[in-house]
1. Within the stretch 87-113, work out how many residues are of a type outside the set (Asp, Glu), under 26 Å from the mean Cα position of the chain (by Cα) and assigned to a strand (DSSP E or B).
2. For the stretch 451-472, which positions are under 16 Å from residue 358 (Cβ atoms) and not aliphatic (A, V, I, L, M)?
3. Do we find a residue being surrounded by fewer than 18 Cβ atoms within 10 Å (Cβ to Cβ), at pLDDT 95 or above and within 18 Å of residue 213 (Cα to Cα) anywhere in the stretch 291-311?
4. If you go through the stretch 394-423, how many residues are out of contact with any His (no Cβ under 7 Å at 6 or more places or on another chain) and either within 16 Å of ligand 2 (Cβ to nearest atom) or without any contact (Cβ under 8 Å) to a residue 40 or more places away in the chain (or both)?
5. Given the stretch 592-643, what helices (runs of 4 or more DSSP H) lie entirely inside it while holding 2 or more residues that are over 24 Å from the mean Cα position of the chain (by Cα)?
6. Determine whether residue 370 is modelled with pLDDT of 95 or more, crowded, with 23+ Cβ neighbours inside 10 Å and away from ligand 1 (no atom under 12 Å from the Cβ).
7. Please specify each residue of the stretch 281-290 satisfying the condition of being under 13 Å from residue 338 (Cβ atoms) and surrounded by fewer than 21 Cβ atoms within 10 Å (Cβ to Cβ).
8. Select from the stretch 335-349 the residues that are under 25 Å from residue 400 (Cα atoms), within 12 Å of ligand 1 (Cβ to nearest atom) and outside any loop (DSSP other than H, G, I, E, B) and list them in ascending order.
Amino acid sequence: MRPVLLAAFALLAACGVTASNEQAKEGTERMVAPVLTGEDARDPHSFARPEVARVTHVALDLDADFEARRMAGTATLDLQAADGARRIILDSRGLEIEAVTDADGRPLEWALGPADEAKGQPLTVDIGPSPGSEQAVRQIRIRYRSAPGAAALQWLTPAQTAGGEHPYLFSQGQPTLNRTWIPTQDSPGIRQTWEARITAPEPLKVVMSGERLTPEGEPAGQGRRAFRFRMDHPVAPYLIAIAAGDLAFRELGPRTGVWTEPSMLDEAARELADTERMMEASERLYGPYRWGRYDLIVLPPAFPYGGMENPTLTFLTPTFIAGDKSLVGLVAHELAHSWSGNLVTNAIWPDSWLNEGFTSYFENRIMEAIYGPERAAQEAALSWDSMEAAFEELGRDAPGTRLRGDDGPDEGSSGIVYDKGAIFLRTVEHIVGRERFDAYLRSYFDRHAFQPMTSARFLADLRANLVRGDADLEQRLMLDQWVYQPGLPENAARPDPAAFAEVDEAARAFAASGAARSVPYGGWNTAERLRFLNALPRELPRARLAELDATFDLTRSANAETLFAWLQLALANRYQPAVPVAERFLLSMGRRKFVAPLFETLWDEGEWGRPIARRLYARARPTYHSVTTGTVDETLGHQADSS
Ligand code: BES
Ligand code: ZN
């Protein structure tokens with residue numbers, strides 16, 4: 001491995017670009033993915049200096065301690081280092097480090113540097129040759145435990161699960177949280193293969209975002225079982241994920257299946273019935289699925305996101321279950337990340353539109369393939385609305401409306417990163433034609449599989465392989481304006497005005513004092529209902545809200561998205577009958593996308609809303625993940641505690 005490595009480093013140093021695909025080695029030796037070293041790929045959110053020394057492989061051996069709420073054990077890291085490198089810098093946040101040794105157990109010098117609130121602390125380990133040996137250290141073992149309040153981990157009490165009997169654990173790594181339970185270089189541009197052995201008390205099962213080697217677990221003493229996993233493809237470290245609980249599994253198709261608590265299995269499997277077809281559609285679009293199995297886990301409602309694309313095992317909120325598959329765009333989205341995001345990955349977080357914008361575009365293509373062009377056009381129109389909402393909120397020419405951001409790791413507005421990103425790709429598709437653009441995207445995923453990507457490299461690739469010197473095409477695409485400038489370029493592909501013609505007419509009629517009875521809400525699909533609710537005037541008198549509620553039974557909506565849209569409208573108008581429903585909703589799940597805006601709406605309602613917000617948050621906060629409390633704390637001016 002070593003000569004290849006040196007060649008790679010020489011190349012990196014010489015021209016500041018990545019090693020080519022050939023240098024990512026496959027076979028008996030582990031595959032090592034190159035790191036980009038250009039200025040556009042420098043990660044401000046990691047302490048790592050990969051050009052000096054980098055991690056290539058992580059082996060975890062950890063006990064999940066539900067009493068102490070800690071992961072405890074060892075992480076053994078394989079390293080590559082430039083000649084003469086004496087230190088490797090890892091990322092760590094709140095980890096309690098006990099010891100660092102080399103592979104043979106010889107102690108190594110290490111130090112934790114000053115703490116930064118977001119980045120954590122650099123963990124520097126001495127890897128220079130030890131006295132009496134010329135051999136630099138190429139493997140280190142860290143004995144450590146995570147802090148009870150580790151931001152990536154949520155330890156649920158039995159009461160927070162569907163079964164109510166057993167505790168539960170899940171992790172959320174993106175963007176920079178995995179350093180709270182794994183001491184490694186936590187930068188999306190530093191890909192690593194990994195393996196893990198995790199023990200948990202019986203009867204809990206452990207699942208992770210890699211190949212399962214011990215489906216039933218192995219006895220591990222004292223009423224515990226060990227579960228082993230392996231990921232042989234180099235992945236960005238934010239994609240290492242774990243869940244443990246009372247889990248059951250059901251197959252959905254030959255390569256797909258769903259994990260969840262036993263009592264949730266039927267409804268989860270029903271909602272996810274189209275997953276295998278989605279995979280087939282994705283492969284037809286952009287090439288082979290390269291990760292083996294595609295399973296999903298439907299987590300307890302505390303999960304702070306809609307979904308998270310952990311390789312081989314997408315994590316999902318249960319709030320996507322509506323009973324009619326109307327919210328499975330989420331599944332298409334997380335599946336699409338198996339190409340955009342997991343295969344070709346943003347090298348740094350300011351480039352996250354390369355993950356999320358591509359994925360939102362891809363999601364819509366999957367939806368079109370499975371559910372038809374009408375539903376896809378409607379969802380694309382809703383996405384346009386989200387982009388417009390972001391422009392409204394930020395200002396049309398605000399710096400935050402650039403696709404290539406320069407903010408913190410989790411700062412970009414989703415209306416920009418996801419929706420403007422997708423609309424950019426749809427615009428390119430319309431200009432060059434679908435067939436040609438699909439062929440290009442497929443080749444893009446092939447060329448850059450298992451490698452990091454930056455905005456500049458993507459544009460260079462597009463120019464080399466799609467534009468190919470066609471000056472007229474170059475001019476029509478407005479590529480640099482799309483990626484680097486704020487606002488919306490004039491060539492943007494607009495949504496089909498027919499998508500919601502009937503709905504918009506009905507919303508206008510209702511706004512002009514029409515009766516709710518004459519709105520055909522009951523016959524509409526979820527996209528149409530959402531468009532309608534969001535198109536209504538933001539200020540409505542109590543009687544009009546009551547009319548809407550009574551006619552469409554909004555308060556009892558079983559669909560989390562429409563319930564959310566209704567509650568936003570109702571609370572913004574101080575509609576008291578909505579308060580108990582909001583209370584139930586906010587206490588029943590912790591998905592940030594729903595929780596944070598509802599608290600914000602209440603907060604904005606001053607003397608009416610603030611006492612309600614405070615009262616609800618006092619009860620709900622202990623049930624939320626740190627991702628969600630982090631955002632709501634800011635709105636409510638809550639003093640975050642250490643837990
Ligand atoms: N990768 C994201 C979730 C994420 C983004 C986690 C940024 C941490 C930081 C995931 O793929 C995602 O986009 N989820 C969306 C759903 C999607 C349909 C828009 C969500 O959770 O709402
Ligand atoms: Zn996503």
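1. Let us first name the residues in the stretch 87-113 that are of a type outside the set (Asp, Glu), namely 87-90, 92-95, 97, 99-101, 103, 105-108, 110-113.
Okay, now just the ones that are also under 26 Å from the mean Cα position of the chain (by Cα), so 89-90, 92-95.
Subsequent filtering for residues that are assigned to a strand (DSSP E or B) retains 89-90, 92.
Count: 3.
2. Of everything in the stretch 451-472, those that are under 16 Å from residue 358 (Cβ atoms) and not aliphatic (A, V, I, L, M) turn out to be 451, 452, 454, 455, 457, 458, 461, 465.
3. Taking the stretch 291-311 and keeping what is surrounded by fewer than 18 Cβ atoms within 10 Å (Cβ to Cβ), we get 292-293.
From the residues that got through so far, the ones that are at pLDDT 95 or above too are 292-293.
In the following step, the residues that additionally are within 18 Å of residue 213 (Cα to Cα) were identified as 292-293.
Yes, some residue in the stretch 291-311 is surrounded by fewer than 18 Cβ atoms within 10 Å (Cβ to Cβ), at pLDDT 95 or above and within 18 Å of residue 213 (Cα to Cα).
4. Filtering the stretch 394-423 for residues out of contact with any His (no Cβ under 7 Å at 6 or more places or on another chain) gives 394-408, 410-423.
Now narrow it down to the ones that are either within 16 Å of ligand 2 (Cβ to nearest atom) or without any contact (Cβ under 8 Å) to a residue 40 or more places away in the chain (or both): 394-395, 403, 405, 410-423.
Selection size over the stretch 394-423: 18.
5. On the way: elements: 592-604, 606-620, 626-636.
Those helices (runs of 4 or more DSSP H) span 592-604, 606-620.
6. Values: modelled with pLDDT of 95 or more: yes; crowded, with 23+ Cβ neighbours inside 10 Å: no; away from ligand 1 (no atom under 12 Å from the Cβ): yes.
The answer is no for residue 370.
7. Let us first name the residues in the stretch 281-290 that are under 13 Å from residue 338 (Cβ atoms), namely 281-283, 285-290.
Hits for the stretch 281-290 are 281, 283, 285, 287, 288, 289, 290.
8. Those that are under 25 Å from residue 400 (Cα atoms), within 12 Å of ligand 1 (Cβ to nearest atom) and outside any loop (DSSP other than H, G, I, E, B): 340, 345, 346, 349.
The values are calculated or read from the model by the stated rules, or taken from the named source; none is laboratory data. Predicted, not measured: the structure shown is a model, and the values here were computed from it. FYI the Cβ positions are ideal-geometry reconstructions off the backbone, even for glycines, and counts take in every protein chain you see. In case anyone asks, the SASA skips ligands and DNA or RNA and just uses the protein heavy atoms, side chains included. Shrake-Rupley method; radii C 1.70, N 1.55, O 1.52, S 1.80 Å.
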